[in-house]
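Single-structure report; data block below.
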Amino acid sequence: MSDQAPKTHFDLIVVGGGPAGYAAALYGSSAGLDIALVEKDKAGGTCLHRGCIPAKELLETAHVFRTVADASKFGVESSAPSLQWATTLERKASVVDGLFKGLSGLLKKRKVTVFDGTGKLGSDRSVTVAGNDGSTVRITADAVILASGSVPRTIPGFDVDGRIVLTSDEVFEMQSVPGRVAVIGGGAIGCEFASMLSDLGSQVTILEALPQILPGVDKDVVSTVLKSFKKRSLDVRTGVKVTGHSPGASGTTIELEGGETLDVDAVIVSVGRRPLSESLGLAGTGVNVDERGFVVVDELCRTAVDGVWAVGDLIATPGLAHVGYAEAILVIKQLLGEQAVPVDYSKVAWCIYCHPEVAFVGMTEEAAREAGFDVVVSKHRWMGNSRALIIGDTDGLVKIIAEKRPDGSAGRVLGVHMSGPWVTEQLGQGYLAVNWDATVDDIAHFIQPHPSLSETFGEAVLGLTGRTLNS
Ligand code: NAI
């Protein structure tokens, strides 16, 4: 037995082990910082255990199901696919578990000290950890990063029971695929679940309060998603207000404003997420929290208290794991005394993994016009792309928005918006163009491999020069 007292002072304490928190711990420890990570559940957070990773894993099951259902078109005969949901859940669990083990191993290798418990901020950059084993320990550091993340928002009248009413926290543990399901909220999470369940055989209805699903997404891109959803008999109702529901023996009846009702076996509430700041004990610490619960920070992620920072879903920036990573790196660079450039939130990559996939960066056409830009727009569809025809996946488009120069030609690339096959993997060129403030001339001579899906991006860029190859 070691007679050494447990260490209680560190260079840095990170509260919360989701993507933002573990990125801070891993990046900081790789630069030699001595770090404590406080996590009440499992390192990996929502993204790994109840978000991005299991969602994309189940969407891949939907992809496999669609592929098998379509196999005869390729001359491959097989029996109609049938879903073994228990196996699906096992595979999802094994992917998550593998990544969790990898992350835990990495934290150990980097000598990050992990405290299993709930951290509360105290004075003088201290954190009191209420351990999951009932113990209490006070630790201190030269800096503290708050990264406690977010939880699903719910709506009045829809008490989550994990059986009939679910949020993204419960969907991943469903014991079967519901026959009829309503998805309340047609944002990124709602559309991913709706697409996945529809492909796996559920009759899905999206109930969205706004006039359009996928808020913030370019309207032409949304149209392609709607068209595909419609083709797959997925019912999308926009501008609807849900007033309540009356559970029965095995399902529930949803009531809509105007008197209409909808009978379903399950309801998935996906109306956004809220920051989880209440358990951090921030009252009286000097760290400010806004009326929605977000911790208030400046563009360098600094709270009002010297040496205390906040990153990830806890602050009012895009709720994306990769934004959390970027904010974590930004803070660590400052702790190391290095030059730190604030994250440009208007140019982050957005990826939504429904079918067809959606990926975009920069301004939508509407936003560019609203911001006062005169624009040139180029749109190209997958129907003319040989690889898309080969793989049999031609829904969607690539749309590029460029600033119009006084002579009418296309200048700086303002936005790249895509829907269709593997666009979440294809956004890279658009991301670089927008983030390097490239002009159309800068990238129009880039050569795209043939045959490849990336040719549609190339065609859309060429289109902005006024000339094209294949269209
Ligand atoms: P969201 O804010 O993107 O969408 C919520 C939708 O629900 C909105 O369209 C809103 O108008 C609608 N809504 C709100 N109240 C409603 C009501 N009472 N009845 C009907 N509709 C209502 O939130 P979402 O989809 O839950 O995602 C949460 C966060 O997670 C977002 O920050 C999102 O960016 C992030 N996320 C990103 C993903 C991705 O990029 N692939 C995937 C999943 C989540």
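The values are calculated or read from the model by the stated rules, or taken from the named source; none is laboratory data. Only a predicted model underlies this, so the values are computations on that prediction, with no experimental measurement involved. Virtual Cβ from ideal backbone geometry, glycine too; neighbours counted across all protein chains shown. The area values use the complete protein model at the heavy-atom level, side chains included, leaving out ligands, DNA and RNA. Shrake-Rupley method; radii C 1.70, N 1.55, O 1.52, S 1.80 Å.
Rounded to the nearest 5, the antiparallel percentage of DSSP beta bridges internal to the chain is 60%. The solvent-accessible area of residue 422, taken with every protein chain present and a 1.4 Å probe, is close to 120 Å².
Residue 450 contributes an accessible area of around 140 Å² to the protein surface, as traced by a 1.4 Å probe with all chains present.
Measuring r between the beta carbons of residue 8 and residue 111 and using R0 = 25 Å, the FRET efficiency lands at 0.95. Under a 5 Å amide H cut-off, with hydrogens placed 1.01 Å from N, residue 375 pairs with 404 among residues at least 5 apart or on other chains.
For the stretch 165-271, the solvent-accessible area of protein heavy atoms averages 40 Å² per residue (probe radius 1.4 Å; ligands and nucleic acids excluded). On a 29 Å Cα-Cα criterion, which of the cross-link pairs 40/92; 92/219; 347/379; 219/241 come out too long? Beyond 29 Å: 92/219. In the chain, helices alone account for a calculated mean residue ellipticity at 222 nm of -9000 deg cm²/dmol, with every DSSP H run of four or more residues adding -39,500 (n - 2.57). In terms of accessible area, using a 1.4 Å probe and ignoring ligands and nucleic acids, 232, 180 rank largest first as 180, 232.
Taken per residue, the accessible surface of the stretch 356-465 reaches 44 Å², heavy atoms only and a 1.4 Å probe. Can you give the angle from 0 to 90° between the axis of helix 188-199 and the longest principal axis of the chain, with both taken from C-alpha atoms, to the nearest 10? Once rounded, one gets 60 degrees. In the context of the full protein assembly, residue 379 retains an accessible surface of approximately 100 Å², using a probe radius of 1.4 Å and ignoring ligands and nucleic acids. Converting phi to 3J(HN,Hα) with the Karplus coefficients 6.51, -1.76 and 1.60 and the offset θ = phi - 60°, the stretch 57-62 yields 5, 5, 5, 5, 4, 4 Hz in sequence order, with x at every glycine or proline.
Magnitude of the charge dipole for the stretch 356-465, about its Cα centre and with charges confined to Cβ atoms of Lys, Arg (+1) and Asp, Glu (-1), is about 140 debye. Taken over the alpha carbons of the chain as equal point scatterers, the Debye sum produces base-10 log I(q)/I(0) values at 0.10, 0.11, 0.12 Å⁻¹ of -0.85, -1.01, -1.16.
Summing charges over neighbours of residue 320, with a neighbour being any other residue whose Cβ is under 14 Å away from its Cβ, gives -1 when K and R count +1 and D and E count -1.
Per atom type, the chain shows carbon and sulfur on 53% of its accessible surface, probed at 1.4 Å. Against the main long axis of the alpha-carbon atoms of the chain, helix 19-30 sits at an angle near 60°.
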